[in-house]
1. What number of residues within the range 60-97 satisfy the criterion of being out of contact with any helix residue (DSSP H, G or I) (no Cβ under 9 Å at 6 or more places or on another chain), farther than 13 Å from residue 245 by Cβ and either touching a residue at least 40 places away in the same chain (Cβ under 8 Å) or crowded, with 17+ Cβ neighbours inside 10 Å (or both)?
2. Here are some conditions: (1) touching a helix residue (DSSP H, G or I) at 6+ places or on another chain (Cβ under 7 Å); (2) more than 15 Å from residue 240 (Cα to Cα). Residue 294 meets all but one. Which one does it not meet?
3. When only residues in the range 218-237 that are touching a helix residue (DSSP H, G or I) at 6+ places or on another chain (Cβ under 8 Å) and part of a loop (DSSP other than H, G, I, E, B) count, which is nearest to residue 288 (Cα to Cα)?
4. Report yes if residue 114 is within 25 Å of residue 263 (Cβ to Cβ) and assigned to a strand (DSSP E or B), otherwise no.
5. Taking only the range 276-291 into account, find how many residues are assigned to a strand (DSSP E or B) and either out of contact with any strand residue (DSSP E or B) (no Cβ under 8 Å at 6 or more places or on another chain) or farther than 17 Å from residue 44 by Cα (or both).
6. Looking at 268, 225, which is the one that is without any contact (Cβ under 8 Å) to a residue 24 or more places away in the chain and within 27 Å of residue 92 (Cβ to Cβ)?
7. Here is a check on your reading of the model: is residue 210 assigned to a strand (DSSP E or B) and either in contact with a helix residue (DSSP H, G or I) (Cβ under 9 Å, 6 or more places away or on another chain) or surrounded by fewer than 20 Cβ atoms within 10 Å (Cβ to Cβ) (or both)?
8. Those residues that are touching a strand residue (DSSP E or B) at 6+ places or on another chain (Cβ under 6 Å) and either part of a helix (DSSP H, G or I) or within 13 Å of residue 140 (Cβ to Cβ) (or both), I need them from the range 193-203; list them, please.
């Protein structure tokens, strides 16, 4: 008796595909889906959070805007050729830059400490809320100095923004602006003067937060050293204002520095300390999230943006 020939599994699948093919060929064409709309240009999250020892640190993007003619602000004593070379080396255009305004929030577990307040209440409160906080939760507001883009968020039409906070700033800085007849100071700081306590070089603004006098940008401009456990972070505020111009060339003059020679000396000192100790730092006007490191490079320094370091144990 002859056994019937049974098709293999592969033959059966091939046959099934052939039988289905005519039906597939007769299916109606699939209707194209409408294109997804664009989301109106570039964007980024308005906060960046990481741990520093036992402290939680959050940088807050309180605003950003383009600035035309950056050479009119940075590198006033640099030639056009040198300025263009610095821009090219950093892969940025020579005729426009992007300015960032980045307050920093430190949660010590006992206090919520905010460093600087941005241009206006709307910007800082929006960034705080995106990060999961509200203005009334802030316990301490620290002002590094009193230029308008650092004090603008202190108050608005609704009154003081941080109603439950004590306010802290440098004594030298406060005294200077108190006698300067400055419109921004009179509108934003003077009404809150009774809520301020004042710092000198080396004083504590909060547990683990030490003031570092860094004059030149303004007369009493301060940086801050934040320490938790074995981890350290430096908040340089406006010691250096541009990653492509002020950091590689600390001696280049900046239009907004009140004492340009002193500001350059302070820049070199503070940036040199950060590079030598290999510390992370936050710069108020650095590209968001404003966090990075410094390496010595020639007669200046090289900005190394943070990548995944803060995700690892022992960061800082």
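1. Adding up the residues that qualify gives 1.
2. (2)
3. The extreme case among them is 221.
4. yes
5. 3
6. That would be 268, the only listed residue that is without any contact (Cβ under 8 Å) to a residue 24 or more places away in the chain and within 27 Å of residue 92 (Cβ to Cβ).
7. Yes, satisfied.
8. Passing the criteria: 195, 196, 197, 199.
The values are calculated or read from the model by the stated rules, or taken from the named source; none is laboratory data. This structure is a prediction, so every number in the text was calculated from the model and none was measured. All Cβ positions, even for glycine, are placed from backbone atoms using ideal geometry, and neighbour counts span all protein chains on display.
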